[in-house]
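Novice: Below you'll find the structure I mean.
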Amino acid sequence: MINIPELSWRPFDYPSDVVNVGQEVTAEVLDVDMVRERVPLSLRGAQEDPWPQVARRVGQVVMGPVTNIVPFGVFVRIEDREDGFQGLVPTSELNASSRGLVEVGDVLTAKIIDVDLAHRRMVLSHVQAASATEGQLCD
């Protein structure tokens, strides 16, 4: 049995987004429970953790679609793929002209300012991305 959190390092909506019935997979054995006769497996355990690579991108300016709007900011996908990693642009890191005008699907430029490897979270800044872009134009 593979529990849902062990299916993938990447975000997904349904298990069928990752695996299909009858598909052969390579998985890591997490445990052998002789009492309950169960063997928990992990698909992601058999794959390299991509988050350290994401952490190396801190300071990069990226562009991506807004995937969700929440009261405290917006989520932006930083990779050009459906299951790409997303980061939060807190409301304080949105340009004043963008607040309230951003919609799901809009492409936003943001700078990766922090990656929390332990919690698998990323913080982005639209304000700092605009400053970095202006700085390049002045050079």
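Novice: Mind putting together the pair-distance distribution for segment 52-138? All Cα pairs, 10 Å bins, whole percent per bin, short to long.
Specialist: P(r) over segment 52-138, rounded to whole percents: 19, 55, 25, 2.
Novice: Also: In a GNM of the chain with a 10 Å cut-off on Cα contacts, which of Val107, Val32, Val115 has the highest mean-square fluctuation?
Specialist: Val32
Novice: Can you put Met63, Met34, Met122 in order of Cβ neighbours within 10 angstrom, beginning with the fewest? Provide the component values of the computation, followed by the final result.
Specialist: Numbers: Met63 13, Met34 7, Met122 25.
Ordered by Cβ neighbours within 10 Å, fewest first: Met34, Met63, Met122.
Novice: Now, a different point. In nm, to one decimal, how far is the modelled label at Thr109 from the one at Ala55, with both set 7 Å along Cα→Cβ?
Specialist: Placing both labels 7 Å along Cα→Cβ, they lie 2.9 nm apart.
Novice: As a check on your grasp of the helix formula, calculate [θ] at 222 nm for the chain: sum -39500 (n - 2.57) over DSSP H runs of n ≥ 4, divide by the residue count, round to the nearest 500. Present the calculation step by step, with values, prior to reporting the outcome.
Specialist: Numbers: 2 runs with 18 residues, N = 139.
Mean residue ellipticity at 222 nm (helix-derived): -3500 deg cm²/dmol.
Novice: Let me check I've understood the local charge: for Glu28, count other residues with C-beta under 10 angstrom from its C-beta, Lys and Arg +1, Asp and Glu -1. What total comes out?
Specialist: Details: positive: Arg44; negative: Glu6.
Net of charged neighbours comes to 0.
Novice: To the nearest 0.05, what FRET efficiency results for Arg38 and Leu117 with a Förster distance of 35 Å applied to their C-beta separation? Can you show the working numbers first?
Specialist: Working: r = 30 Å, r/R0 = 0.85.
After rounding to 0.05, the efficiency reads 0.75.
Novice: While we're on this one: List the residues whose amide H sits under 5 Å from the amide H of Leu108, counting only those 5 or more places along or on another chain, with H placed 1.01 Å from N in the peptide plane.
Specialist: Gly64, Val66
Novice: Relative contact order for the chain: what is it in percent, counting Cα pairs under 8 Å that are at least 6 residues apart? Don't jump to the answer; show the numbers that get you there.
Specialist: On the way: 230 pairs, mean separation 27.8, N = 139.
Contact order relative to length: 20 percent.
Novice: Between Gln60 and residues 5 or more places away or on another chain, which pairs have amide H atoms under 5 Å apart, with H built 1.01 Å from N, and which residues are they?
Specialist: Under 5 Å from the amide H of Gln60 lie the amide H atoms of Ile112, each far enough along the sequence or on another chain.
Novice: Quick check: the distance between the Cα centres of segment 83-129 and segment 48-70, to the nearest angstrom?
Specialist: Cα centroid to Cα centroid, the span is 9 Å.
Novice: Right, another one. Using only the alpha carbons of segment 35-88, what is the convex hull's orientation-averaged projected area in square nanometres?
Specialist: Values: hull surface 26.2 nm².
Computed as one quarter of the Cα hull surface, the answer is 6.5 nm².
Novice: Let me know the charge dipole size of segment 52-138 about its Cα centre in debye, to the nearest 20, where only the beta-carbon of Lys, Arg (+1) and Asp, Glu (-1) is charged. Numbers along the way, then the final one.
Specialist: Values: 8 positive and 10 negative charges, 43 e Å.
That gives segment 52-138 a dipole magnitude of about 200 debye.
Novice: Using the beta-carbon distance between Glu79 and Leu101 and R0 = 22 Å, what value does 1/(1 + (r/R0)^6) give for FRET efficiency, to the nearest 0.05? Intermediate values should be presented prior to the final figure.
Specialist: Values: r = 24 Å, r/R0 = 1.10.
FRET efficiency, Glu79 to Leu101: 0.35.
Novice: Using Cα pairs closer than 8 Å and at least 6 residues apart in sequence, work out the relative contact order for segment 1-47, in percent.
Specialist: Numbers: 57 pairs, mean separation 22.1, N = 47.
Answer for segment 1-47 is 47 percent.
Every number here is computed from the coordinates shown, using simple stated rules; none is lab data. Here the structure is a predicted model, which is why all the values come from computation and not from measurement. Positions of Cβ are backbone-derived with ideal geometry, glycine not excepted, and every protein chain shown enters the neighbour counts.
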